[in-house]
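Reviewing the structure listed below.
Values in this text are rule-based calculations from the coordinates and carry no lab data. Note that the structure is predicted; figures quoted are calculated from it, not measured. Positions of Cβ are backbone-derived with ideal geometry, glycine not excepted, and every protein chain shown enters the neighbour counts.
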């Protein structure tokens, strides 16, 4: 009887005790959350520690403590807590993401990849797609920092395949594609962003850049015109627009160009190349002749040889001269690029046209 | 500090043989009771109830410590003011209580329980249990660097003793009831029944016997069941995955054992040196000693190491999970030694188990951290080192080698670290024994003027055996089928007056030359020895038996045969009374 009575009495006391422990744990956790929101991570750490004292196995408390420690750059402590949490719940998305961040900060590629991937495929209790997207975007940024371009590109493709109808997200993905020089995917993402937000200047500029890099100068011109109109201070887009416009004006191989206009462009390009050659030879005269100078002289001889035949009449008489003349122009622009003085806008445009039609 | 010798229990323990099982109201009921429950069976049942009560008491004790902490130090990180005032002012209150109300509540409680067993016939005043509960809860809750396990042990013993007195158990049972309660209290406090049973057997009782073992196990198990009912089955600290990967890691654990052994010596040496000096100070200083100790510990907390305050299980948990740098771990181990020495020598009630585990965990994790930097291929996980470190200090400081091994295994629930634990504990134990020959508990009892049996000394005592006194066979040995005339001829060749007779199929007897001569003279020369031998056979001994046993037989016969255990007819030697006495004289 005494044992039963004692048992009941202790049960009553324990109920009071655990209720108080629960209350204190919740109170300190709330304080920690508030401190974290106010940017007071050190106070948050103390509060979460106190909360954990009353509920040592509380996953949320411990995770919050780890996040607060990570915010204070106390990564070793945060890491230790996170590893414990991971051992308890290896499939927890937040824990994996935090561990991924810590290993990324330490530059440990393999472990960072492992935990970021865990986070991407982990169980997220709410908004799983959004959390996975955040994890993948962070992973992509990490891979880009580490110059792991191929891996970053494959992650980007996976990311792009599951993006929701959200212009900023498409824009972010497109920018990342630009970083890995995947202009085709970048342009597609910019277009998606513009589909959702027609006036987005960043998307317009990005699409212009992507189209420019792909050699689609007419598209580039269109996007860049809109971008510059929306944001006249965008110097990069303005420069690109000028170049794209010049390319479109100089390119003799465009389909819509009449024969007379083509001939005019060929002659103009040929003359520009000749000026470029002359300028280059004037600069190289004081120096001893190098191999490239000899090449330039050969090009000069070839240009001089062709010069008498490059006229509207000559081109009409012999349509093959268009290709011959432009081959000479492309050769001159490639040869002089880098070895001679800075090219003019026209020279740059001709170089781009050479890449567009003559390969690299 | 433990009860000094001059401090007697509040009431004289019953020395007379009390009526057994006097709990029953009338003679018929008592007869029925005796029929169903003889005292030994009743004692087993009682052990379960002792465990239940001890478990309930320990649960309340844990609540009391936590509430003390919350109200004295605050529910969150303590402020500077609280860090300084809580332990010092509470120290004053504790001193008043210990000096004027609960004089036997001082110290850890282990030696008091031993004293109850060996001196006071199992008597532990109930008032002491109450006093221990209150004062230790206040001390630990206010931040004194002490633990709840030893007080739980004494509270359990006090409850058991009170229950035994209430039920008028026999003196023999009363003597055993304190260890039974102690095991229950310790098991509930540790959440580790095997370790508690081993500790009580190893350090309190000092011997294994089926009777006491059953009671101790039952009480420990029932107390742990009760404790887990209320507090859950989780260990005192969360255990990460631990284990040993490569055998070469044993080298690293040996280093931990060495470090642990030295730390144990420093820790024990500090206590045994300072304690008598503080006791020798004027009596009025005893009112302030716990307060001063508390103030210094509070200062340590203010200066950046509040982790050393209190029992520190949450800090151990953090260390096990690798949340401290090795430098901080080393500092915490050192400061905890200082803080615990101060708390303990000041006479503040509280235990040394938790601080020992704390120091071991910090030291282990620190050594593991250092080795991880310099010898990454040798070092295992921090958690493993911290756990092994706990066992190391337990073996080196408390000098309970068996308990230390099983404690780590039981707490970790992982058998894979048994090798590191054994290796490291052995190093620590050997170093501690080499530098401090007397274990800490024995030094403390002797400082108090008590002479309790030292379990370690008992374990180390070399037992003299029959083979140590045994002499080669010089007397004639004959079979019992030989005729007396033939026997006489054999005796003629020997100078001995005695003859040993090998009986068939087994057994030994003896006869003298005179007896044989007389019978031959009477014309019985054709009779066999068997027919004339005395009816009573000689006792015989085996070489490995304790020499004490020989003392029982050497007066029955001039020589006692020592025979092989494999063949009882094969004589290995003989012993006489003089042989035994000479062996004892030579030491």
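Annotations
- Normalised contact order of chain B, rounded percent, pairs of Cα under 8 Å and 6 or more residues apart: 15
- Full extension of the chain between residue A:146 and residue A:134 gives 2.5 nm of extra length, using 0.36 nm per residue less the Cα-Cα distance.
- Centre-to-centre, using Cα atoms only, the range B:460-503 and the range B:239-304 are separated by 61 Å.
- Neighbour counting of Cβ atoms within 10 Å sorts the residues B:88, B:462, B:223, fewest neighbours leading, into B:462, B:88, B:223.
- Where both bridge residues fall in the protein assembly as shown, DSSP classifies roughly 75% of the beta bridges as antiparallel.
- Over chain B: helical MRE at 222 nm, DSSP H runs n ≥ 4 each giving -39500 (n - 2.57), nearest 500: -19000 deg cm²/dmol
- Derived from the Cα gyration tensor, the three semi-axes of the equivalent ellipsoid of the protein assembly as shown are 92, 39, 24 Å, largest first.
- For chain A, adding -39500 (n - 2.57) for each run of n ≥ 4 DSSP H residues and dividing by the number of residues yields -26000 deg cm²/dmol at 222 nm.
- Compactness of the range B:475-587 as Cα Rg over 2.2 N^0.38 Å, two decimals: 1.12
- Our summary gives the range B:466-586 a relative contact order of 30 percent, counting only alpha carbon pairs under 8 angstrom and 6 or more residues apart.
- Solvent-free Debye scattering, log10 I(q)/I(0), computed from the Cα coordinates of chain A at q = 0.11, 0.12, 0.15 Å⁻¹: -0.89, -0.97, -1.19
- Antiparallel DSSP beta bridges within the range B:466-586, as percent of all bridges there, nearest 5: 75
- Helix A:75-88 and the longest principal axis of the Cα set of chain A meet at an angle near 70°.
- Whole-number percent relative contact order across the range B:487-529, with pairs defined as alpha carbons under 8 Å at least 6 apart: 33
- Rounded to the nearest 10 degrees, the angle from helix A:235-250 to the longest Cα principal axis of chain A is 30 degrees.
- Here the range A:229-255 is scanned for amide nitrogen atoms under 17 Å from the site 7 Å beyond the Cα of residue A:345 along Cα-to-Cβ, giving A:229, A:232-251.
- Sorted fewest first by neighbouring Cβ atoms within 10 angstrom, B:366, A:340 come out as A:340, B:366.
- Computed from Cα positions, the angle between helix B:39-73 and the longest principal axis of chain B comes to roughly 20 degrees.
- Residues residue B:273 and residue B:582, FRET efficiency given R0 of 35 Å [Cβ-Cβ distance, rounded to 0.05]: 0.20
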